[in-house]
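The values are calculated or read from the model by the stated rules, or taken from the named source; none is laboratory data. It should be emphasised that the depicted structure is a prediction, and the values quoted were computed from it without experimental measurement. Virtual Cβ from ideal backbone geometry, glycine too; neighbours counted across all protein chains shown. Quick note on the areas: whole protein, heavy atoms, side chains included, nothing else; ligands and nucleic acids left out. Shrake-Rupley method; radii C 1.70, N 1.55, O 1.52, S 1.80 Å.
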Amino acid sequence: LNFEMTEKYKFLPAIVLVMFTEYILFTFLVLYYYIPIFNKRFRNGETNSFCISLRDKNLFLAYFGSNNIRFDQIGKSCWDSISPIATYFLLCFRCICFIYFFGIACVTDYVVAKGQNWFYFTLWNVELISIYYLLASFSSVRWVLLSTDYSTCKFRKELDVETNERQNLSNFDSVNKTLIITVKILFEVSTATALFVTVVDFILLSSTFDFWNVVQHFTTSCSLLFEMSLNSIPVRWEHIWINISWTCLYMIFAMVIVPTGIINDWPYDFMRLDSSDCFIWYNVLLIVSTLFYGILVLLQLIKERILNRFGVKIYDYDNDEVNLLRSSESVTIIERAP
(Lines give C-alpha, C1' and ligand atoms only; values in the text may rest on other atoms or scores of the structure.)
Protein backbone atom coordinates (compact mmCIF):
# COMPACT_ATOMS: atom_id res chain seq x y z
CA LEU A 1 0.00 0.00 0.00
CA ASN A 2 1.30 3.46 -0.85
CA PHE A 3 1.10 6.42 1.54
CA GLU A 4 -2.25 7.60 0.23
CA MET A 5 -3.77 4.17 0.71
CA THR A 6 -2.27 3.94 4.19
CA GLU A 7 -3.84 7.24 5.23
CA LYS A 8 -7.16 6.14 3.77
CA TYR A 9 -7.18 2.97 5.86
CA LYS A 10 -4.98 4.03 8.76
CA PHE A 11 -7.54 2.91 11.36
CA LEU A 12 -8.05 -0.51 9.80
CA PRO A 13 -5.76 -2.51 12.18
CA ALA A 14 -7.16 -0.75 15.23
CA ILE A 15 -10.81 -1.20 14.29
CA VAL A 16 -10.22 -4.87 13.46
CA LEU A 17 -8.62 -5.42 16.88
CA VAL A 18 -11.41 -3.58 18.70
CA MET A 19 -14.22 -5.32 16.84
CA PHE A 20 -12.61 -8.74 17.26
CA THR A 21 -12.19 -8.19 21.02
CA GLU A 22 -15.78 -7.00 21.40
CA TYR A 23 -17.07 -9.93 19.39
CA ILE A 24 -15.21 -12.47 21.55
CA LEU A 25 -16.44 -10.80 24.74
CA PHE A 26 -20.01 -10.73 23.43
CA THR A 27 -19.76 -14.42 22.52
CA PHE A 28 -18.67 -15.40 26.01
CA LEU A 29 -21.34 -13.15 27.51
CA VAL A 30 -24.10 -14.85 25.54
CA LEU A 31 -22.80 -18.32 26.40
CA TYR A 32 -22.42 -17.39 30.06
CA TYR A 33 -26.00 -16.24 30.38
CA TYR A 34 -27.29 -18.91 28.03
CA ILE A 35 -26.47 -21.83 30.33
CA PRO A 36 -28.45 -20.65 33.41
CA ILE A 37 -31.49 -19.79 31.28
CA PHE A 38 -31.08 -23.07 29.48
CA ASN A 39 -31.17 -24.92 32.80
CA LYS A 40 -34.08 -22.84 34.07
CA ARG A 41 -36.26 -23.88 31.16
CA PHE A 42 -36.03 -27.50 32.21
CA ARG A 43 -37.10 -27.05 35.80
CA ASN A 44 -40.21 -28.92 36.82
CA GLY A 45 -41.73 -26.82 39.57
CA GLU A 46 -39.54 -26.76 42.66
CA THR A 47 -38.90 -30.47 42.90
CA ASN A 48 -36.58 -31.09 39.96
CA SER A 49 -33.66 -29.30 38.40
CA PHE A 50 -31.71 -30.19 35.30
CA CYS A 51 -28.00 -29.64 34.79
CA ILE A 52 -26.55 -29.75 31.28
CA SER A 53 -22.80 -29.98 30.77
CA LEU A 54 -21.01 -27.76 28.27
CA ARG A 55 -19.38 -30.93 26.94
CA ASP A 56 -22.75 -32.38 26.02
CA LYS A 57 -22.84 -32.97 22.26
CA ASN A 58 -26.53 -32.06 22.12
CA LEU A 59 -25.94 -28.58 23.49
CA PHE A 60 -25.09 -27.32 20.01
CA LEU A 61 -28.38 -28.57 18.58
CA ALA A 62 -30.24 -27.31 21.62
CA TYR A 63 -28.78 -23.83 21.17
CA PHE A 64 -29.87 -23.70 17.56
CA GLY A 65 -33.36 -24.70 18.55
CA SER A 66 -33.97 -28.23 17.29
CA ASN A 67 -34.74 -29.44 20.81
CA ASN A 68 -37.65 -27.09 21.39
CA ILE A 69 -39.35 -26.79 18.01
CA ARG A 70 -41.21 -29.44 16.06
CA PHE A 71 -41.36 -29.70 12.29
CA ASP A 72 -45.03 -28.74 12.29
CA GLN A 73 -44.07 -25.40 13.87
CA ILE A 74 -42.05 -24.36 10.82
CA GLY A 75 -44.60 -25.74 8.38
CA LYS A 76 -47.99 -24.67 9.68
CA SER A 77 -49.63 -21.44 10.76
CA CYS A 78 -50.04 -20.44 14.39
CA TRP A 79 -53.76 -20.00 13.63
CA ASP A 80 -54.06 -23.58 12.39
CA SER A 81 -55.98 -24.72 15.50
CA ILE A 82 -58.66 -22.10 14.77
CA SER A 83 -58.85 -22.68 11.01
CA PRO A 84 -56.72 -25.06 8.88
CA ILE A 85 -57.14 -22.60 6.01
CA ALA A 86 -54.52 -20.43 7.73
CA THR A 87 -51.84 -22.98 6.89
CA TYR A 88 -52.79 -22.93 3.22
CA PHE A 89 -52.76 -19.13 3.29
CA LEU A 90 -49.27 -19.20 4.86
CA LEU A 91 -48.09 -21.55 2.14
CA CYS A 92 -49.39 -19.27 -0.62
CA PHE A 93 -47.93 -16.19 1.06
CA ARG A 94 -44.49 -17.78 1.34
CA CYS A 95 -44.47 -18.85 -2.30
CA ILE A 96 -45.51 -15.38 -3.48
CA CYS A 97 -42.85 -13.72 -1.30
CA PHE A 98 -40.15 -16.05 -2.63
CA ILE A 99 -41.01 -15.20 -6.22
CA TYR A 100 -41.17 -11.50 -5.38
CA PHE A 101 -37.86 -11.20 -3.52
CA PHE A 102 -35.99 -13.62 -5.74
CA GLY A 103 -37.12 -11.52 -8.66
CA ILE A 104 -35.84 -8.38 -6.94
CA ALA A 105 -32.46 -9.97 -6.23
CA CYS A 106 -32.08 -11.18 -9.80
CA VAL A 107 -33.66 -8.29 -11.71
CA THR A 108 -32.15 -5.37 -9.79
CA ASP A 109 -28.63 -6.71 -9.36
CA TYR A 110 -27.90 -9.25 -12.04
CA VAL A 111 -29.97 -7.75 -14.88
CA VAL A 112 -30.64 -4.03 -14.41
CA ALA A 113 -27.45 -3.17 -12.50
CA LYS A 114 -25.43 -5.90 -14.26
CA GLY A 115 -24.06 -7.24 -10.97
CA GLN A 116 -22.74 -3.88 -9.77
CA ASN A 117 -24.66 -3.92 -6.46
CA TRP A 118 -23.45 -7.27 -5.14
CA PHE A 119 -21.46 -5.67 -2.31
CA TYR A 120 -24.38 -3.81 -0.68
CA PHE A 121 -25.78 -5.11 2.59
CA THR A 122 -29.28 -4.45 1.25
CA LEU A 123 -28.83 -7.05 -1.46
CA TRP A 124 -27.35 -9.48 1.06
CA ASN A 125 -30.52 -9.05 3.09
CA VAL A 126 -32.84 -9.57 0.10
CA GLU A 127 -30.99 -12.73 -0.91
CA LEU A 128 -31.14 -14.02 2.67
CA ILE A 129 -34.89 -13.39 2.72
CA SER A 130 -35.27 -15.17 -0.63
CA ILE A 131 -33.50 -18.26 0.75
CA TYR A 132 -35.72 -18.19 3.83
CA TYR A 133 -38.94 -18.04 1.82
CA LEU A 134 -37.72 -20.84 -0.43
CA LEU A 135 -37.05 -23.20 2.48
CA ALA A 136 -40.14 -22.03 4.36
CA SER A 137 -42.30 -22.73 1.29
CA PHE A 138 -40.81 -26.21 1.08
CA SER A 139 -41.58 -26.76 4.78
CA SER A 140 -45.18 -25.64 4.32
CA VAL A 141 -45.67 -27.89 1.29
CA ARG A 142 -44.22 -30.84 3.18
CA TRP A 143 -46.46 -30.19 6.19
CA VAL A 144 -49.59 -29.86 4.04
CA LEU A 145 -48.80 -33.16 2.33
CA LEU A 146 -48.27 -34.88 5.67
CA SER A 147 -51.44 -33.39 7.14
CA THR A 148 -53.81 -34.10 4.27
CA ASP A 149 -56.17 -37.05 4.53
CA TYR A 150 -56.08 -38.36 0.96
CA SER A 151 -59.02 -40.69 1.55
CA THR A 152 -61.34 -37.72 2.00
CA CYS A 153 -59.12 -35.07 0.36
CA LYS A 154 -59.54 -32.93 3.46
CA PHE A 155 -57.05 -31.26 5.75
CA ARG A 156 -56.67 -32.93 9.13
CA LYS A 157 -57.21 -30.28 11.76
CA GLU A 158 -55.13 -32.22 14.27
CA LEU A 159 -52.76 -35.15 14.15
CA ASP A 160 -52.88 -37.70 16.95
CA VAL A 161 -49.65 -37.43 18.92
CA GLU A 162 -49.58 -41.22 19.15
CA THR A 163 -49.64 -41.80 15.40
CA ASN A 164 -46.53 -42.75 13.50
CA GLU A 165 -46.70 -39.55 11.47
CA ARG A 166 -46.35 -37.29 14.51
CA GLN A 167 -43.72 -39.58 15.99
CA ASN A 168 -41.70 -39.36 12.81
CA LEU A 169 -41.90 -35.57 12.96
CA SER A 170 -40.81 -35.49 16.60
CA ASN A 171 -37.91 -37.93 16.33
CA PHE A 172 -35.85 -35.46 14.30
CA ASP A 173 -33.98 -37.39 11.65
CA SER A 174 -30.96 -35.64 10.17
CA VAL A 175 -32.93 -34.02 7.34
CA ASN A 176 -35.61 -32.66 9.66
CA LYS A 177 -33.02 -31.33 12.11
CA THR A 178 -31.10 -29.51 9.40
CA LEU A 179 -34.25 -28.04 7.86
CA ILE A 180 -35.68 -26.97 11.22
CA ILE A 181 -32.47 -25.28 12.34
CA THR A 182 -31.93 -23.55 8.99
CA VAL A 183 -35.48 -22.20 8.63
CA LYS A 184 -35.58 -21.04 12.25
CA ILE A 185 -32.23 -19.22 12.11
CA LEU A 186 -32.94 -17.68 8.70
CA PHE A 187 -36.26 -16.31 9.97
CA GLU A 188 -34.72 -14.75 13.08
CA VAL A 189 -31.72 -13.22 11.34
CA SER A 190 -33.52 -12.04 8.19
CA THR A 191 -36.38 -10.42 10.14
CA ALA A 192 -34.12 -8.56 12.58
CA THR A 193 -31.81 -7.53 9.73
CA ALA A 194 -34.73 -6.35 7.57
CA LEU A 195 -35.94 -4.06 10.37
CA PHE A 196 -32.37 -2.82 10.85
CA VAL A 197 -31.86 -2.11 7.14
CA THR A 198 -35.22 -0.35 6.79
CA VAL A 199 -34.60 2.06 9.65
CA VAL A 200 -30.95 2.77 8.75
CA ASP A 201 -31.83 3.38 5.10
CA PHE A 202 -34.71 5.78 5.72
CA ILE A 203 -32.83 7.67 8.47
CA LEU A 204 -29.21 7.81 7.25
CA LEU A 205 -29.24 7.06 3.53
CA SER A 206 -32.44 7.98 1.72
CA SER A 207 -35.75 9.08 3.19
CA THR A 208 -37.56 9.26 -0.15
CA PHE A 209 -40.26 6.71 -0.93
CA ASP A 210 -39.24 6.10 -4.52
CA PHE A 211 -39.98 2.79 -6.21
CA TRP A 212 -36.71 0.88 -5.70
CA ASN A 213 -36.18 2.27 -2.22
CA VAL A 214 -39.58 0.97 -1.12
CA VAL A 215 -39.15 -2.34 -2.94
CA GLN A 216 -35.74 -3.13 -1.48
CA HIS A 217 -35.89 -1.55 1.97
CA PHE A 218 -39.52 -1.29 3.05
CA THR A 219 -41.41 -4.29 1.70
CA THR A 220 -38.84 -6.62 3.27
CA SER A 221 -39.79 -5.60 6.81
CA CYS A 222 -43.51 -5.54 6.02
CA SER A 223 -43.51 -9.03 4.53
CA LEU A 224 -41.52 -10.59 7.38
CA LEU A 225 -43.64 -8.93 10.06
CA PHE A 226 -46.74 -10.32 8.34
CA GLU A 227 -45.00 -13.69 8.07
CA MET A 228 -44.30 -13.52 11.80
CA SER A 229 -47.99 -12.94 12.52
CA LEU A 230 -48.82 -16.14 10.61
CA ASN A 231 -46.08 -18.66 11.34
CA SER A 232 -45.39 -20.76 14.43
CA ILE A 233 -41.64 -20.23 14.66
CA PRO A 234 -40.49 -19.13 18.14
CA VAL A 235 -37.81 -16.46 18.47
CA ARG A 236 -35.15 -17.03 21.12
CA TRP A 237 -33.03 -14.21 22.51
CA GLU A 238 -29.95 -16.46 22.69
CA HIS A 239 -29.71 -16.33 18.91
CA ILE A 240 -28.80 -12.67 19.09
CA TRP A 241 -25.22 -13.91 18.77
CA ILE A 242 -26.01 -15.26 15.28
CA ASN A 243 -27.56 -11.95 14.29
CA ILE A 244 -24.47 -10.06 15.47
CA SER A 245 -22.26 -12.57 13.63
CA TRP A 246 -24.12 -11.82 10.39
CA THR A 247 -23.51 -8.08 10.83
CA CYS A 248 -19.83 -8.64 11.69
CA LEU A 249 -19.44 -10.87 8.66
CA TYR A 250 -20.47 -8.01 6.38
CA MET A 251 -18.10 -5.62 8.17
CA ILE A 252 -15.22 -8.04 7.61
CA PHE A 253 -16.31 -8.43 4.00
CA ALA A 254 -16.20 -4.64 3.48
CA MET A 255 -12.81 -4.36 5.19
CA VAL A 256 -11.43 -6.86 2.68
CA ILE A 257 -12.92 -5.82 -0.66
CA VAL A 258 -12.21 -2.07 -0.29
CA PRO A 259 -8.52 -2.03 0.77
CA THR A 260 -7.68 -4.80 -1.71
CA GLY A 261 -9.14 -2.73 -4.55
CA ILE A 262 -11.98 -5.08 -5.50
CA ILE A 263 -14.24 -2.03 -5.28
CA ASN A 264 -13.04 1.58 -5.33
CA ASP A 265 -14.97 3.04 -2.42
CA TRP A 266 -16.86 2.01 0.67
CA PRO A 267 -20.42 0.72 0.16
CA TYR A 268 -21.60 3.20 2.79
CA ASP A 269 -19.90 6.44 3.83
CA PHE A 270 -20.18 5.73 7.55
CA MET A 271 -17.91 2.69 7.08
CA ARG A 272 -14.89 4.78 6.06
CA LEU A 273 -11.69 4.19 8.05
CA ASP A 274 -9.84 7.49 7.49
CA SER A 275 -11.24 9.07 10.66
CA SER A 276 -11.45 8.09 14.31
CA ASP A 277 -15.23 8.42 13.98
CA CYS A 278 -15.20 4.91 12.55
CA PHE A 279 -14.94 3.52 16.10
CA ILE A 280 -18.21 5.23 16.95
CA TRP A 281 -20.00 4.23 13.76
CA TYR A 282 -19.02 0.56 13.84
CA ASN A 283 -20.04 0.22 17.48
CA VAL A 284 -23.31 2.05 16.80
CA LEU A 285 -24.07 -0.44 14.01
CA LEU A 286 -23.54 -3.36 16.37
CA ILE A 287 -25.62 -1.77 19.11
CA VAL A 288 -28.48 -0.92 16.75
CA SER A 289 -28.38 -4.43 15.29
CA THR A 290 -28.63 -5.81 18.83
CA LEU A 291 -31.54 -3.50 19.65
CA PHE A 292 -33.52 -4.61 16.61
CA TYR A 293 -33.13 -8.23 17.56
CA GLY A 294 -34.42 -7.26 21.00
CA ILE A 295 -37.40 -5.60 19.30
CA LEU A 296 -38.00 -8.85 17.42
CA VAL A 297 -38.05 -10.79 20.71
CA LEU A 298 -40.45 -8.21 22.16
CA LEU A 299 -42.77 -8.58 19.17
CA GLN A 300 -42.67 -12.33 19.72
CA LEU A 301 -43.83 -11.89 23.32
CA ILE A 302 -46.66 -9.62 22.17
CA LYS A 303 -47.66 -12.23 19.61
CA GLU A 304 -47.75 -14.94 22.28
CA ARG A 305 -50.03 -12.80 24.46
CA ILE A 306 -52.41 -12.22 21.56
CA LEU A 307 -52.47 -15.93 20.75
CA ASN A 308 -53.15 -16.78 24.39
CA ARG A 309 -56.21 -14.52 24.31
CA PHE A 310 -57.55 -16.69 21.51
CA GLY A 311 -56.70 -19.85 23.44
CA VAL A 312 -53.83 -20.77 21.12
CA LYS A 313 -50.64 -22.19 22.65
CA ILE A 314 -47.91 -23.11 20.18
CA TYR A 315 -44.72 -22.63 22.21
CA ASP A 316 -44.84 -25.34 24.86
CA TYR A 317 -41.14 -25.14 25.68
CA ASP A 318 -41.13 -27.00 28.97
CA ASN A 319 -43.02 -30.13 27.95
CA ASP A 320 -41.36 -30.50 24.56
CA GLU A 321 -37.83 -29.90 25.79
CA VAL A 322 -38.10 -31.99 28.93
CA ASN A 323 -39.51 -34.94 27.03
CA LEU A 324 -36.74 -34.71 24.47
CA LEU A 325 -34.10 -34.46 27.18
CA ARG A 326 -35.50 -37.44 29.06
CA SER A 327 -35.23 -39.51 25.89
CA SER A 328 -31.62 -38.43 25.30
CA GLU A 329 -28.93 -40.58 26.88
CA SER A 330 -26.18 -38.06 26.22
CA VAL A 331 -27.71 -35.34 28.41
CA THR A 332 -26.92 -35.42 32.10
CA ILE A 333 -30.11 -34.91 34.06
CA ILE A 334 -29.93 -34.53 37.83
CA GLU A 335 -33.19 -34.74 39.74
CA ARG A 336 -33.33 -33.48 43.29
CA ALA A 337 -35.73 -34.97 45.79
CA PRO A 338 -38.41 -32.66 47.17
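For S77, the residues 5 or more places off, or on other chains, whose built amide H falls under 5 Å of its own are T87. Estimated from the Cβ-Cβ distance and a Förster radius of 22 angstrom, the FRET efficiency linking L204 and Q116 is about 0.55. Couplings for region 216-229, taken from phi via the Karplus curve 6.51 cos²θ - 1.76 cosθ + 1.60 with θ = phi - 60°, read 8, 10, 10, 5, 4, 5, 4, 5, 6, 5, 5, 4, 5, 6 Hz in order; Gly and Pro are left as x. Residue ranking by accessible heavy-atom surface, 1.4 Å probe, largest first, among Y120, Y32 comes out as Y32, Y120. Using the 1.4 Å probe convention, the accessible area of region 72-113 works out to 44 Å² per residue with neighbouring protein chains retained.
The phi-based Karplus calculation (6.51 cos²θ - 1.76 cosθ + 1.60; θ = phi - 60°) puts the 3J(HN,Hα) values of region 243-250 at 5, 5, 4, 5, 5, 5, 4, 5 Hz, whole numbers, x for Gly and Pro.
Obtain the nm distance between the two label points defined at A14 and R142 by a simple spin-label model: each point lies 7 Å from its Cα along the Cα-to-C-beta direction. Calculated label separation equals 5.0 nm.
Among the protein heavy atoms, those of T21 account for about 70 Å² of accessible surface (1.4 Å probe, every chain in place). Residues in region 232-302 average 41 Å² of solvent-accessible surface per residue, probe 1.4 Å, ligands and nucleic acids excluded. Checking the Cα-Cα distances for K76/K303; K184/K313; K114/K184 against a 27 Å cut-off, the pairs over it are K114/K184.
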